[in-house]
Amino acid sequence: MTHLQAGLSPETIEKARLELNENPDVLHQDIQQVRDMIITRPDIGFLRTDDAFILRFLRARKFHQADAFRLLAQYFQYRQLNLDMFKNFKADDPGIKRALIDGFPGVLETRDHYGRKILLLFAANWDQSRNSFTDILRAILLSLEVLIEDPELQINGFILIIDWSNFSFKQASKLTPSILKLAIEGLQVCSTNIEGEHSSGRLLLMSLLNFVGRLTQWGHHPISGHYV
């Protein structure tokens, strides 16, 4: 076991080996292979290249180095293209703080039986006079960024449950194509640090697309439903 696995339980280390192809004997070599690829993208400013940070992306892509580097590059490229989204990107930013206080997102203290962290969103609670969608998105991205620093969660994952019940067309009308594009791209590259069922970015993406599809079908009728 290397220092990068310090604090992990034997069960979690074994899970990482079986499910993520994590091998402590070559962990540093895997990280260096990803780091060596940075020179191929001089157009991107890689603001963090330490071992622990790169390891997040390797775990997200089951230690496929090329895929991990691609996600790492997309992560920083999204930030370069959306600089305003990440100005004062911390919990005491007024917009982010207000969204967090209003439960966007809510984070349960306890984990599920797989060790995953659970985030909740109740879409109908969106008060557009208090929170812009951009601030809610920033609050979600910041929450995910903080959560994924936990090595246990990098391996066990997290889930995001969205309740669309009583979310009205009036609320949905604020979800413009440009805003949806910003959210989808951000969640794909900023949240998808766990593959498959653990990927809250993918879950939210599917939920958004499902909901927008129903909006298209039902026109101006109020929306009621529960999607995860």
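The values are calculated or read from the model by the stated rules, or taken from the named source; none is laboratory data. In this text, all values refer to a predicted model and were calculated from it rather than measured experimentally. Positions of Cβ are backbone-derived with ideal geometry, glycine not excepted, and every protein chain shown enters the neighbour counts. Just so you know, the surface numbers come from the protein's heavy atoms only, side chains and all, with ligands and any DNA or RNA stripped out. Shrake-Rupley method; radii C 1.70, N 1.55, O 1.52, S 1.80 Å.
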Exercise. Provide the FRET efficiency to the nearest 0.05 for the residue 32-residue 176 pair, computing r from the beta carbons and using R0 = 25 Å.
Key: 0.05
Quiz item: What accessible area, in Å² to the nearest ten, does a 1.4 Å probe give for residue 46?
Solution: 30
Exercise. Return the sequence-ordered ³J(HN,Hα) values of segment 21-27 in whole Hz as given by the Karplus equation 6.51 cos²θ - 1.76 cosθ + 1.60 applied to θ = phi - 60°, using x for Gly and Pro.
Key: 6, 7, 10, x, 5, 10, 4
Quiz item: Roughly speaking, what is the centre-to-centre gap between segment 23-63 and segment 75-134 when only Cα atoms are used, to the nearest Å?
Solution: 26
Quiz prompt | segment 1-138, relative contact order in percent, only Cα pairs under 8 angstrom and at least six apart counted | solution = 17
Exercise. Name all residues of segment 69-101 having a backbone nitrogen under 14 Å from the label point set 7 Å from the Cα of residue 53 along its Cα→Cβ direction, giving them as ranges.
Key: 72-80
Quiz item: What FRET efficiency do you get for residue 64 and residue 6 if R0 is 30 Å and r is their Cβ-Cβ distance, rounded to the nearest 0.05?
Solution: 0.80
Quiz item: Residues with amide H under 5 Å of residue 160's amide H, sequence separation 5 or more or different chain, H placed in the peptide plane at 1.01 Å from N; which?
Solution: 119
Practice problem: Figure the gain on full extension for residue 91 and residue 166 (residue separation times 0.36 nm, minus the Cα-Cα span) and round it to one decimal in nm. | Solution: 24.2 nm
Quiz prompt | Over 24 Å (Cα to Cα) - which of 90/117; 62/181; 97/117; 15/117 fall in this group | solution = 62/181
Quiz item: With the Cα gyration tensor of segment 11-169 giving a ≥ b ≥ c as the square roots of its eigenvalues, does the rule (a/c under 1.5 for rounded; else a/b larger than b/c for prolate; else oblate) give rounded, prolate or oblate?
Solution: oblate
Quiz prompt | Karplus 3J(HN,Hα) series, Hz, for segment 157-168 with 6.51 cos²θ - 1.76 cosθ + 1.60 (x for Gly, Pro) | solution = x, 8, 10, 10, 9, 10, 9, 8, 4, 6, 6, 8
Practice problem: Return the distance in nm (one decimal) between the two label points of a simple spin-label model at residue 108 and residue 39, each offset 7 Å from Cα along Cα→Cβ. | Solution: 4.8
Self-check item: Solvent-accessible heavy-atom area per residue, rounded to whole Å², over segment 3-83 at 1.4 Å
Solution: 52
Exercise. Give the carbon-plus-sulfur fraction of the accessible surface of segment 3-83 in %, rounded to a whole number; probe 1.4 Å, heavy atoms of protein chains only.
Key: 54
